[in-house]
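Participant: Okay, handing you the structure first.
The values are calculated or read from the model by the stated rules, or taken from the named source; none is laboratory data. Keep in mind it's a predicted model, so treat the numbers as computed, not measured. So basically every Cβ, Gly included, is an ideal-geometry build from the backbone, and we count neighbours across all protein chains shown. Side chains included, ligands, DNA and RNA excluded: accessible areas come from the protein's heavy atoms. Shrake-Rupley method; radii C 1.70, N 1.55, O 1.52, S 1.80 Å.
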Amino acid sequence: MKKFIASVMFALSATLMATTVMASGGVELEHANVDIHNKDSLQRGVKYYVNYCMGCHSLNYSRYNRIANDLGLTDEQAAKNLIFTRDDNGDLHKTGALMKNGMSQKQSAEWFGAPPPDLTLVGRSRGPDWIYSYLKAFYVDPTRPMGVNNTVFPNVGMPHVLWELQGLQEKHCTKEGEGEHAVEHCELKTVKAGSMTPAEYDQTARDLTNFLAYVGEPAALNRTTYGVFTLLFLGLFAIIAYFLKKEYWKDVH
Ligand code: HEC
């Protein structure tokens, strides 16, 4: 029986590992180590997002003022720093608006080969480690329409929009072993430095990832607090219930 359980566990974990690796183009993902309670990181993340991503990727299920509120920004700060998108009349969006952009899905599909998807839920569908690794995995590939490829998302349609910050990387592969048993080992090497150091760029990728993780489930910010209060209430209620029970049964026993 023990053996059976062990082999089932083994099969399960092997499948799990295989799906994780498959979902990432066969490369191992780096840990993003995000913390959605770090407001400074979220504030930097949303700033990068509206400056570098919002032009192509909407956040259709999120409103500016919800984010401003959660991140401790006033409506005025939000209007000044976050809102660059316009409504149908050409006016800047109000703070209560959904974070849509003017990008036409059909046109962008022609430009990039695939339309840029809405990213409200990408923190949940792909997970933080995937996003973080993806933002660090662009490399120069002249055979691709945008001049870049990505080890985590092979043949991606998205250009490397953060290249000025990160610089450019090239993929170098070496083969170990002969014939069928040859194992290819690839590495990304910086060939042109960006305006940020590698550590600063990692932090930028982490802040963006953190923001996308938060936006996928804003309620997670409060959920843990509710949990603690719920347990405290249940604890207190158990004491009251105990004394009540004693009171009710005191004449019976
Ligand atoms: C010039 C337009 C453009 C900009 C700007 C842009 N992207 Fe993209 N992005 C795309 C396109 C197009 C795809 C779809 C690629 C495909 O399916 O081949 C994509 C895909 C993605 C995906 C994968 C989504 C999925 O689940 O398949 C993520 C994550 C992403 N982008 C994040 C970002 C972030 C973060 C930024 C800002 C730093 C950004 N993008 C800026 C065009 C853009």
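The rows are residues; the columns are (1) part of a loop (DSSP other than H, G, I, E, B); (2) within 11 Å of the ligand (Cβ to nearest atom).
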position	(1), (2)
His37	yes, no
Tyr49	no, yes
Asn69	no, no
Asn101	yes, yes
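Participant: Assess whether Met158 counts as being open to solvent by less than 50 Å² (accessible area, probe 1.4 Å) and over 24 Å from Phe112 (Cβ atoms).
Facilitator: Details: open to solvent by less than 50 Å² (accessible area, probe 1.4 Å): yes; over 24 Å from Phe112 (Cβ atoms): no.
So Met158 does not fit the description; no.
Participant: Could you please let me know if Pro145 is within 29 Å of Gly167 (Cβ to Cβ) and crowded, with 18+ Cβ neighbours inside 10 Å? Working first, answer last.
Facilitator: Details: within 29 Å of Gly167 (Cβ to Cβ): yes; crowded, with 18+ Cβ neighbours inside 10 Å: no.
Judged against the criteria, Pro145 is not a match.
Participant: With the condition kept exactly as written, say whether any residue in the range 42-49 is open to solvent by less than 50 Å² (accessible area, probe 1.4 Å) and farther than 20 Å from Gly216 by Cβ. Quick ask: steps written out before the conclusion?
Facilitator: Our first condition is that a residue be open to solvent by less than 50 Å² (accessible area, probe 1.4 Å); within the range 42-49, this holds for 42, 45-46, 48-49.
This time we only want the ones that are farther than 20 Å from Gly216 by Cβ, so: none.
Checked against the condition, which is being open to solvent by less than 50 Å² (accessible area, probe 1.4 Å) and farther than 20 Å from Gly216 by Cβ, the range 42-49 yields no hits at all.
Participant: Right, Phe112: near the ligand (Cβ under 10 Å from one of its atoms) and at pLDDT below 95 or not?
Facilitator: Working: near the ligand (Cβ under 10 Å from one of its atoms): yes; at pLDDT below 95: yes.
Against the criterion (near the ligand (Cβ under 10 Å from one of its atoms) and at pLDDT below 95), Phe112 qualifies.
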